[in-house]
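The values are calculated or read from the model by the stated rules, or taken from the named source; none is laboratory data. Here the structure is a predicted model, which is why all the values come from computation and not from measurement. Because the Cβ atoms are built from the backbone with ideal geometry, glycine has one as well, and the counts that use them run over all protein chains shown. What goes into the accessible areas is simple: the full protein's heavy atoms, side chains included, and nothing from ligands, DNA or RNA. Shrake-Rupley method; radii C 1.70, N 1.55, O 1.52, S 1.80 Å.
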Amino acid sequence: MNDYFHQIFKLNCDNKHVQSIVDGTSIDFKKGWIERKSPKNDDETEPYFPGEYASKPQSSFCMKVPNGNYLVTMTLSSDSCDSMTTVKANNGHIVLKDVHVKKRGTRKLSFTSRVDDYLLKLALLPEIKGDLSVEVELVSSMPTIFLAGDSTMTDNSSSMYPFTGWGQMFSLFLSNQIAVANHAKSGRSSRSFIEEGRLDKIWKDTKRGDILMIQFSHNDEKPDERGTDPKTTFPAYLMEYIVGARERGVTPVLITPMHRRFFDEGGIVKDTHGPYIKAIEKLSIEESVPLIPLDRKSKELYGKLGVGGSKKLFMWLQENEYPNFAEALEDNTHFNVEGAVEIACLVAESIQEENIQSLIKYLKLKEFQTEEPPL
């Protein structure tokens, strides 16, 4: 092992007992399982656990580890019946989706997880009856995709579930050779993200060979202190991301914003970001920065689903449909889990279609399958 942290745990999903099998010593690690009600705020200092990202929150496995990129290998065994589960990590990141484990069968799968708060957090939703072996290995050489953007990309808090940014779903479409560090934050513009020191925080963690994906516009359009002008200050701020990345040996990638869900009387999706999209496209050409055309891809998707069908991607909720939302909601900007998965898929498709060399080698191809063959 080149890295200094490597551990294997054997978990019984029923009694939450954890046994270290590195040295054969049985360890009572009950404090590693976290079960609580989701906090009712968006406090950045408050940790969120993946088991809380559900209609009915479940416990999460949490262990203290050094910060960095981890290769996580899970071996799942089902006892008395077939099981289907989804694995979530960190702040609700879906890393393995709809994993089928046959009765008395075993599945072994691997994924990556980025740790920035000294906590590796995992959850099975739903939990399965059987055994689970978790091997975690720190891989310092593993490259990282850093995400800089707004609420449509961010890791939403568990108290806001099912609000979901596409960055929470992006790992689904990536191999276990790269990790995702999502620094996007709700309400931020290209300007306020820099002024609040969020870009500086990214620079502290980057290394040569990493990738920075940049998606702004929604809040740059606001008539307040976050606002920027699409012809002047907006491209100027974006240049700070591009120049800073290149100075550090990091590859910048620009993303045009997805459209809001607005249709005209003829049922055609409206362009909702106009001059800001043109500014990003112009900058991409002038600075030879790879571009993901999420405006075009999202317009095609909404148009295909239609006025009614596209609602299923967004935060359109009925009263008390989810525990965190007692009142009905009609939100045409922010995504639910299904919508975030679809947008993340569009990003992956664009990487392939645009032949973005820095990213394409890390895609899960073959229709973006998330499972591996059973043992």
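Residue check: Lys97 meets all listed conditions (1) over 23 Å from Phe163 (Cβ atoms); (2) part of a strand (DSSP E or B) but one, namely (1).
Being among the hydrophobic types (A, V, I, L, M, F, W, C), over 17 Å from the mean Cα position of the chain (by Cα) and crowded, with 24+ Cβ neighbours inside 10 Å is the filter here; which residues of the stretch 163-217 pass it? Outline the logic, then answer.
Initially, the stretch 163-217 is screened for residues among the hydrophobic types (A, V, I, L, M, F, W, C), giving 163, 166, 169-170, 172-174, 178-181, 184, 193-194, 199, 202-203, 211-214, 216.
Those left that are additionally over 17 Å from the mean Cα position of the chain (by Cα): 193-194, 199, 203.
The answer is Phe193, and nothing else.
The single condition among (1) surrounded by fewer than 17 Cβ atoms within 10 Å (Cβ to Cβ); (2) at pLDDT 95 or above; (3) closer than 29 Å to Ala179 by Cβ that Asn324 does not satisfy is (2). Residue count for the stretch 260-296 under the criterion of being crowded, with 17+ Cβ neighbours inside 10 Å and in contact with a Phe, Trp or Tyr (Cβ under 7 Å, 6 or more places away or on another chain): the result is 5.
Identify all residues within the stretch 241-277 that are over 18 Å from Gly209 (Cβ atoms) and acidic (Asp, Glu); write none if there are none. Asp264, Glu265, Asp271, listed by residue number. Screening the stretch 134-152 for residues that are open to solvent by 30 Å² or more (accessible area, probe 1.4 Å) and part of a strand (DSSP E or B) and picking the one that is farthest from Met74 (Cα to Cα) gives Glu137.
Yes or no, residue by residue, for (1) closer than 19 Å to Lys185 by Cα; (2) assigned to a helix (DSSP H, G or I); (3) out of contact with any Cys (no Cβ under 9 Å at 6 or more places or on another chain):
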| residue | (1), (2), (3) |
| --- | --- |
| Ile214 | yes, no, yes |
| Thr228 | yes, no, yes |
| Lys231 | no, no, yes |
| Glu240 | yes, yes, yes |
| Gly249 | no, no, yes |
| Val253 | yes, no, yes |
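For the stretch 225-242, filtering for residues that are open to solvent by 60 Å² or more (accessible area, probe 1.4 Å) and either charged (D, E, K, R) or touching a strand residue (DSSP E or B) at 6+ places or on another chain (Cβ under 6 Å) (or both) leaves 4.
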